Every structure is written in structure tokens, then in C-alpha cells.
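Below is one structure, written out as C-alpha cells, with a few remarks after it.
The values are calculated or read from the model by the stated rules, or taken from the named source; none is laboratory data. Since this is a predicted model, take the numbers as computed values, not measurements. Note that each Cβ is placed from the backbone with ideal geometry, even for glycine, and that neighbours are counted across all protein chains shown.
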Amino acid sequence: MEGIVKERSSKMLPVSWLMLCAASTVLSVSLPLCAESVSLQALVTPSTTIVKDGRPVTFALHGFIEFKRLADLFPYIESQTQRWKPRLDESEQHRLASELLRRGIESRMVSMIDERPLELLVTHTAEELQQALARVKEPVPSGYAEDFLAVQEKWKHAINCWSDSPSIQGRVLSNWYPIQQGIQLYGATYDSTEHFWQAVKYPPDVTVAEVLDLLRSIEARDWNSWIERLDRDPKTYLPNAYAVEFLRHNLAQDRLRWFSAELARNDLRSADRARHLQQRGDTKFRVSAYQEKVWWGDLADVFHLVYTFSASDDPLRSELARHHFDSIYLGDRKMGFISEEFRGLMLEIWKVKFLQMPRFREVIRSIPPEIRLEHFLNDGDSPDIPIPIYVEYLNQIRELARAPLAAGERP
């Protein structure tokens, strides 16, 4: 499930999806600092910009709202509390501000394109961090120091499980991890669990021609007022912020044209079934896990989310339903895209990977229980399986993998 955060040209666009170990990383406060000047003090100073390869290293809230400095985050948080002020009471405003601050600090520290912030954080003591925070002279919001310390404590005892994790176990536990022998799931073979997770979002019989027809219908529409409707209602926006920002990004005309160009570039036959194309055929890894997510997966998410958030009398919603993008169809099961049942499917496929495939069971069971398995990707969440649920499933699977083997079961 790794695609929820930017990459497209980022997990979803300007942020690169590759975490490269960069000796050239530079921290700057107003002006770039020399590489040897990198320090914990610079990291906790709000006006610091992290620069890599001559470009600022951005971080994000909800995967798409990007910032270059923590100082830029603060006015955004204030704007959000003011935005909902008439409809949220004082305690709710405070809770929203606290949540955004914590998530923003964590996104700054757990960078997807530069390991240095997290390295600095976890290689210093809590006392050293407290001292650095106490020396900050710039204005900071209430809870700033406490959130830094909480993020440090969390990541001193956690592994971030994603495809470019510096930890081998973290990479293997990613859904993007390529499985050379393939994985058998519900009567078909897939190159990775990510391939299955995105493929199943397409109805079994929907063809490439039907996908293109739907995409043309979406391209022909002006989505500004539709997005504005989601923006106006805190009961819609706040619990679905990632989904709304995802749609804002992916319903832009240039992004929709990109989907069309990718379908055309890959020379697909009109009669080919979309789900079948994502299964392993005669050739392994025809499509990488990255391509699977940002091409097939994001497009399916657009279809399902447009259906979910459209008014019941919207003709496009009816068109999506006719092509069975109203739910997830698997065998005789019909599951809502945003439903506990569909989220539970992740646990089912992980039982195959981590309990039935000995080499993957060995990896996950070897991680000591005091190390929490996490999945933090630039503060991107996911409407189909929110990150907190994903993480709980991952830790639950480890508990099952560490249980004693049944009689006759292979290690």
C-alpha cells in the first residue's frame, strides 16, 4: 500500500519516491549551510531549509500539501483552525491544530528522500534534543517541543516498512517487495502483494476500452465546484482530508491527460481486461510495483472516490456504477471501497505472504516484538486502508508469525 504518498514523478508528484543516502545533503537556515555544519540545532530550528542536490527537501501534510520549512507549516495550521472556526468549538480547533503540528513534524523528520533528519533525531539522546529545542529563539506553536520528543521516542523503537527502507526487513515487509516466485491469491498469480491490491480495485470483466471511456467522461468535466463542495464541509473534509487532496491532484487536467497517455503508451488492446493485465502472465514483472500503484492503482482510486463522494443523482456516478466501480468485486464478495471488509482483505493476503511463505515468515518473525512496525510515508494516508489500520495489521501479522508452528507445519 505504499503509493499513498507522493511520487509520480513522485508518490504523487514533486517529491521523489526514492530515499537516496545522500552525502551531499545540506541544511540551511536562510542561506545554505556547509555540509559539516549539519546539526541537531539546525534541524529543530523552524526556519531551517534542508537542501539536497541543490533543491529543497519538502515534506507534506495529507501527502500533497507541501512545505519547505517547519516555519511554513505554522501559518498553514493557523489557517486551518480559522477555516473551520465557525463550525468547530475551541477544543476541536485545538485538537486539529495539535494533530497537524505532530503530523507535520513527523513528516519533516521521516523524510522519503533524505535519511539525515531521522538519523540526527535517533542518534541523539532525549536530553540533547530537549537542550536543542530550548535554544530555539524563533516563535513556535504550543506543543512544538513535546511533539519533537514524542516523534523521537517513537522512531527510536520502530522500523518504517516501505520499499526504500534502509532496513532490509523494512523493505521486505513492503507490499512493493517483488516476489520472484510470485504469490498465489484468489486463483491468480501476482508479482507482489501490491499488484494484487491495486488489480482487485478493477471489476473482473472491465476492459481497457471501458476504462478509457470512463476516463474521457472524467476529463470532459470541470471539477472545481465539485471539489469546492468537499472543501466546504468539515464533516466531509476533515475525516477524508487525504482523499480530497488526492482527488484535487488527480482530477487536474494535466494529471488526467497523463493517465490517458500512459494507457496509450503501453499499447494495450481494447478488449483486454484491466484486472487480468495486472496479474503475472508468461513474463515476470511486466509492470513494476511503482507503476502498478501510480498508474493502475491511482486511476482506480479516482474512479472509486468519485463514485463515493458524488451526489446520488450525478450521471457520472451512475456511469461508474454501471461499470461496477461502486464496490470491490472478488469472487462472490462485494465490498465497499471505504469499508472494514475491504481493509480486512489486506490481512488476508498478508496471511499468505507472511504465514504460508516460509522465507517471508522468517523475516517478519525475526523482528523483536519491542520494535514496532510502522508505515509512515510523507503523512500520506489512504482511504481504502488508513495507515493506522495498516500498521495494526502489520504488527498483528508479526504476532501470528511468531506463534509456535503447528504440528507438521514447515518453518
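All but one of (1) among the β-branched types (Val, Ile, Thr); (2) part of a loop (DSSP other than H, G, I, E, B); (3) crowded, with 21+ Cβ neighbours inside 10 Å hold for Val151, so report the exception by its number.
(2)
For (1) charged (D, E, K, R); (2) in contact with a His (Cβ under 6 Å, 6 or more places away or on another chain); (3) farther than 20 Å from Tyr177 by Cβ; (4) surrounded by fewer than 20 Cβ atoms within 10 Å (Cβ to Cβ), each residue gets a yes or a no:
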residue	(1), (2), (3), (4)
Gly331	no, no, yes, yes
Glu340	yes, no, yes, yes
Leu345	no, no, no, no
Phe354	no, no, no, no
Glu374	yes, no, no, no
Ser382	no, no, no, no
Gln396	no, no, no, yes
Leu400	no, no, no, yes
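Hey, Arg280 hits all of (1) over 25 Å from Ile338 (Cβ atoms); (2) modelled with pLDDT under 95 but one; which does it fall short on?
(2)
In the set Asp313, Asp254, Asp298, Asp326, which member is among the acidic types (Asp, Glu), closer than 17 Å to Glu194 by Cβ and modelled with pLDDT of 95 or more?
Details: Asp313 fails: closer than 17 Å to Glu194 by Cβ; Asp254 fails: closer than 17 Å to Glu194 by Cβ; Asp326 fails: closer than 17 Å to Glu194 by Cβ.
Checking each option against the conditions leaves just Asp298.
State which residue is nearest to the chain's Cα centre (by Cα) when the search covers only the stretch 123-146 and only residues that are in a helix (DSSP H, G or I) and crowded, with 18+ Cβ neighbours inside 10 Å.
In the first step, residues of the stretch 123-146 are kept if they are in a helix (DSSP H, G or I); the result is 126-134, 144-146.
Then keep just the ones that are crowded, with 18+ Cβ neighbours inside 10 Å; that gives 129, 132-133, 144.
Values: Leu129: 28, Ala132: 31, Leu133: 29, Tyr144: 24 Å.
Filtering first and then ranking leaves Tyr144.
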